[in-house]
Amino acid sequence: MLKLGVIGTSWIARSFIDAAHMTEKFQFSAVYSRRLESAEQFSADFKDIQKFDNLDDFFKASLDIIYIASPNALHFEQAKAAILAGHNVIVEKPAFSNPKELTQIIKLAKENEVFFFEAARNIHEHSFSIIKDFLADKTVKGADFTYSKYSSKMPALLNGEIPNKFNAKFSGGLLADLGVYLLYAAIFWFGKPQKATYDAVLLPSGVDLAGVGILDYQDYKVSIKCAGNVNSYLPSEIYTTDGTLILDGVNAITSAKFITMDGSETRIDIEAPKHSLYDEAVDFAQILENNDFAASYDLHQFAQEVSETSYQMRQSAGIVFDADNK
Ligand SMILES: NC(=O)c1ccc[n+]([C@@H]2O[C@H](COP(=O)([O-])OP(=O)(O)OC[C@H]3O[C@@H](n4cnc5c(N)ncnc54)[C@H](OP(=O)(O)O)[C@@H]3O)[C@@H](O)[C@H]2O)c1
């Protein structure tokens, strides 16, 4: 069993523990919170959990991997300290504020011979590989990807507060929050675009509440659309010279069908993930158990392509994080 330490005590941290336990490869063993009381409440359902309110002490614990689920802007310093203490790390998406931070962490992880994973959950879904294989003998001519969901933090935002998710100090905004899943999908299936731009609805805090992006490939364009103040029920589509692939989304995909140019329809067998974070947990455990650094370096390369694209899009929309000026 891989002893799992967790930073952060929000629902996503609990969700990852549940998914990790479903794999039967991980054992939740320690938690860090700024307040011991929160650590105790968070771990109340589990036995023999070490609880910390001091990060240095937490990093001294005997753990096989640390999962970091704090606000985005804190990931860099926490991952750096964890790696320097000799730990493997899984960092929630988007792993870092910009490519500069990501490059430093990749280098540090290599130097210290530990694993660093970005929790880009959707690319680990089984369906992602099925779709990649399906597209392998087709010529892509474009795609439209969308992910908009009314945020649970909208009431606070409308009330004049600045939740972490909408704060430049915490590297927030919708491209970082939901848009990144669309970039994971596009770059997983089509590779890194030559150029990427983003046109955003900006909040007074300086980050995006919603936006529309264009990923420019040599012979086609991919549009992405994300928002935190509305719900969208649109499917996502991939256009090819043979027909159109229609997906019910590009994360937690549950259905896919292909409609050829003459209108005939084929369903593609897609099995929805057991839990939205299960497939990534399985992959991380397998890479750790096999000591498969080569597989983790492939994921690093992918993470860099996404981070560079996202950064270019932010720059085109005039979105600057506090972390960019460090
Ligand atoms: N993969 C997914 O499906 C998914 C879904 C949601 C979020 N995420 C990612 O998970 C990460 C956390 O997101 P979230 O919405 O859970 O964030 P959050 O609620 O703002 O913060 C997460 C945790 O970080 C700590 N924290 C909060 N504010 C802090 C501050 N100002 N200084 C230091 N620590 C602070 C808190 O833990 P303590 O109070 O215990 O210290 C909190 O429970 C983000 O990177 C996000 O993108 C991923």
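For region 291-326, chymotrypsin sites (Phe, Trp or Tyr not before Pro) are listed when DSSP marks them as loop and at most 16 other Cβ atoms sit within 10 Å of their Cβ; the list is empty.
Here the extension length gained between residue 289 and residue 218 equals 21.6 nm, from 0.36 nm per residue of separation less the Cα-Cα distance. Lysine pairs in region 1-78 whose alpha-carbon atoms fall under 15 angstrom of each other, counting only those eight or more residues apart or on distinct chains, come to 5. Within region 35-61, list the residues whose amide N lies under 17 Å from a label point set 7 Å along Cα→Cβ of residue 1. The answer is 43-51.
Would you please give the FRET efficiency between residue 156 and residue 60, computed as 1/(1 + (r/R0)^6) with r the Cβ-Cβ distance and R0 = 30 Å, to the nearest 0.05?
On the way: r = 36 Å, r/R0 = 1.19.
FRET efficiency, residue 156 to residue 60: 0.25.
Our coupling estimate for region 312-326, obtained by passing each phi through the Karplus curve with A = 6.51, B = -1.76, C = 1.60 and θ = phi - 60°, is 4, 5, 4, 4, 5, 9, x, 9, 10, 8, 4, 5, 5, 9, 7 Hz, Gly and Pro reported as x.
The distance linking region 9-43 with region 116-158 is 25 Å (Cα centroid to Cα centroid, whole angstrom).
Using only alpha carbon pairs under 8 Å that are at least six residues apart, calculate the relative contact order of the chain and give it in whole percent.
Working: 664 pairs, mean separation 61.6, N = 326.
For the chain, the relative contact order is 19 percent.
If you restrict to DSSP beta bridges whose two residues both lie in the chain, what percentage is antiparallel, to the nearest 5? Don't jump to the answer; show the numbers that get you there.
Details: 32 of 58 bridges.
Beta bridges within the chain, antiparallel portion: roughly 55 percent.
Scan region 61-137 for GluC sites (Glu not before Pro) in coil per DSSP, keeping those whose Cβ has at most 14 other Cβ atoms within 10 Å, and list them by number. Please report the intermediate quantities before stating the final value.
Details: sites: 77, 92, 101, 111, 113, 118, 125; in loops: 113, 125.
For GluC sites (Glu not before Pro) across region 61-137 that sit outside H, G, I, E and B with at most 14 neighbouring Cβ atoms in 10 Å, the list reads 113.
Derived scalar couplings between HN and Hα for region 233-245 equal 10, 5, x, 10, 9, 10, 9, 10, 5, 8, x, 10, 9 Hz in order, rounded to whole Hz, by the Karplus curve 6.51 cos²θ - 1.76 cosθ + 1.60 (θ = phi - 60°), x for Gly and Pro. Label zone (residue 304, point 7 Å along Cα-to-C-beta; backbone nitrogen cut-off 19 Å) within region 187-202: 187-196.
Counting Lys and Arg as +1 and Asp and Glu as -1, each charge on the Cβ, what is the dipole of the chain about the Cα centre in debye, to the nearest 20? Before the final figure, lay out the partial values.
Numbers: 30 positive and 43 negative charges, 145 e Å.
Here the size comes out at about 700 debye.
Under a 5 Å amide H cut-off, with hydrogens placed 1.01 Å from N, residue 167 pairs with 172, 173 among residues at least 5 apart or on other chains. Among 96, 78, 52, flag the residue with its Cα farthest along the positive direction of the charge dipole of region 2-121, charges on Cβ as +1 for Lys/Arg and -1 for Asp/Glu. So the residue we want is 96. For a test of the definition: using alpha carbon positions, the gyration tensor, and the 1.5 limit on a/c, classify region 2-121 as rounded, prolate or oblate. Prolate. The length gained on full extension between residue 261 and residue 40, counted as 0.36 nm times the residue separation minus their Cα-Cα distance, comes to 73.7 nm.
Computed from the coordinates by the stated procedures, all read-outs in this text should not be read as laboratory data. Since this is a predicted model, take the numbers as computed values, not measurements. Cβ sites come from the backbone with ideal geometry, for glycine too, and all protein chains shown count toward neighbours.
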